[in-house]
1. Pull up the DSSP beta bridges for the range 1-159 and report the antiparallel fraction as a percent, rounded to 5.
2. With runs of 4+ DSSP H residues as the only contributors, calculate the mean residue ellipticity of the chain at 222 nm using -39,500 (n - 2.57) per run, divided by the residue total and rounded to the nearest 500.
3. What is the local net charge at residue 57, summed over the other residues whose Cβ is closer than 14 Å to its Cβ (Lys, Arg +1; Asp, Glu -1)?
4. Is the chain rounded, prolate or oblate when judged by the Cα gyration tensor, a ≥ b ≥ c being the square roots of its eigenvalues, rounded requiring a/c under 1.5 and prolate requiring a/b larger than b/c?
5. Going down the list 16/86; 86/107; 16/140; 16/141, which pairs span over 28 Å between their C-alpha atoms?
6. Output the antiparallel fraction of DSSP beta bridges having both residues in the chain, as a percent to the nearest 5.
7. Could you state the angle between the C-alpha long axis of helix 202-216 and the longest principal axis of the C-alpha atoms of the chain, as a value from 0 to 90 degrees rounded to the nearest 10?
8. Could you work out how far the C-alpha centroid of the range 129-189 sits from that of the range 8-78, in angstrom?
Amino acid sequence: MSTLADTKMRSGFRVKRLDPFGVELTGDLSQPLSAEDQARLVGLVDEHGIVVARDQHLTMDQHRGLLEPLGRIAELDFKYVSLDDKILNRDNMGFHSDLAYAHTPYKYASLHAIDVVPSESATWFVSGARAYEKLSAHQKKRLAALTTTAVWGTRTHRTIGYDLPADGPRAIRPAVIYHHRTAQPILYLNEIQHCRFNELSRDDSDALVQELFAIIYAPGERLTHEWQPGDLVIWDNLALQHGRPGLERLSRRHLQRVTVADVSGADMIPQYIKLDQ
């Protein structure tokens with residue numbers, strides 16, 4: 001196990017573990033980090049899946065600069081999550097990974113609480129990397145030969161099944177993927193985007209989906225982050241899934257958003273690329 005957690009970074013940042021996974025980082029992230037602490041921050045996110053930092057005050061440029069060591073900052077992306085943003089609005093959200101149905105999903109995502117009421121809203125996280133560790137040897141061997149199909153589905157709850165929708169973006173990839181830096185295996189299967197195991201019959205696929213959901217979403221596997229003003233949360237979008245309860249009763253919730261991806265937001269979904277006339 002790495003010694004990055006529960007230690008002091010050389011610049012004075014304190015790091016402690018969260019339950020059941022993740023770490024909390026204490027210190028001011030508004031100033032550029034040294035090359036060594038940039039590498040340590042990347043290591044924390046890659047090893048633990050999520051880093052939480054409280055009491056931050058980051059401009060968009062500072063937020064983007066902080067995430068640059070993780071990879072290419074996504075362009076053509078929506079920059080704020082608000083109660084009436086015409087994208088997510090106040091809906092509850094089932095567990096998902098952002099753009100899992102795209103040929104190239106986001107690698108990392110982050111939200112910074114610009115204007116929230118303390119503890120009035122929350123985001124939930126579960127870890128596909130932790131889920132893989134809990135699989136039996138038989139389950140791991142079986143999954144090594146399988147692929148899944150992820151599709152654009154309803155955000156609020158699972159409405160998809162074995163049959164693929166007639167249209168819309170979709171992506172086929174292995175049921176177990178590997179982290180691009182650490183090579184850690186990740187069970188890549190979520191509640192509202194993954195339809196089926198392509199090599200199995202309907203009954204076998206549906207049964208395996210439910211068997212694995214019982215592991216991924218088992219009691220005690222959920223990290224709940226209750227938002228406070230100034231919170232910054234950075235997470236691995238491939239290793240982790242996230243969701244949230246409905247926001248119908250909230251008075252205000254405005255979060256600054258920065259993501260990391262190999263391609264632009266528009267290029268992730270070829271159907272929506274606009275060609276020059």
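The numbers here are math on the coordinates, done by the rules we state, and not lab data. The structure displayed is predicted, hence computed values, not measured ones. Because the Cβ atoms are built from the backbone with ideal geometry, glycine has one as well, and the counts that use them run over all protein chains shown.
1. 60
2. On the way: 5 runs with 50 residues, N = 277.
Here the helix-only value at 222 nm equals -5500 deg cm²/dmol.
3. Values: positive: 54; negative: 28, 55, 61, 115, 231.
Cβ neighbours under 14 Å give a net charge of -4.
4. Numbers: a/c = 1.59, a/b = 1.32, b/c = 1.21.
Judged from the Cα gyration tensor, the chain comes out prolate (a/c at least 1.5, a/b above b/c).
5. Values: 16/86 37 Å; 86/107 24 Å; 16/140 31 Å; 16/141 35 Å.
Distance filter (> 28 Å) returns 16/86; 16/140; 16/141.
6. Details: 47 of 50 bridges.
Antiparallel bridges make up about 95 percent of those DSSP assigns within the chain.
7. Rounded to the nearest ten degrees, it is 20.
8. Value for the Cα centre distance between the two parts: 27 Å.
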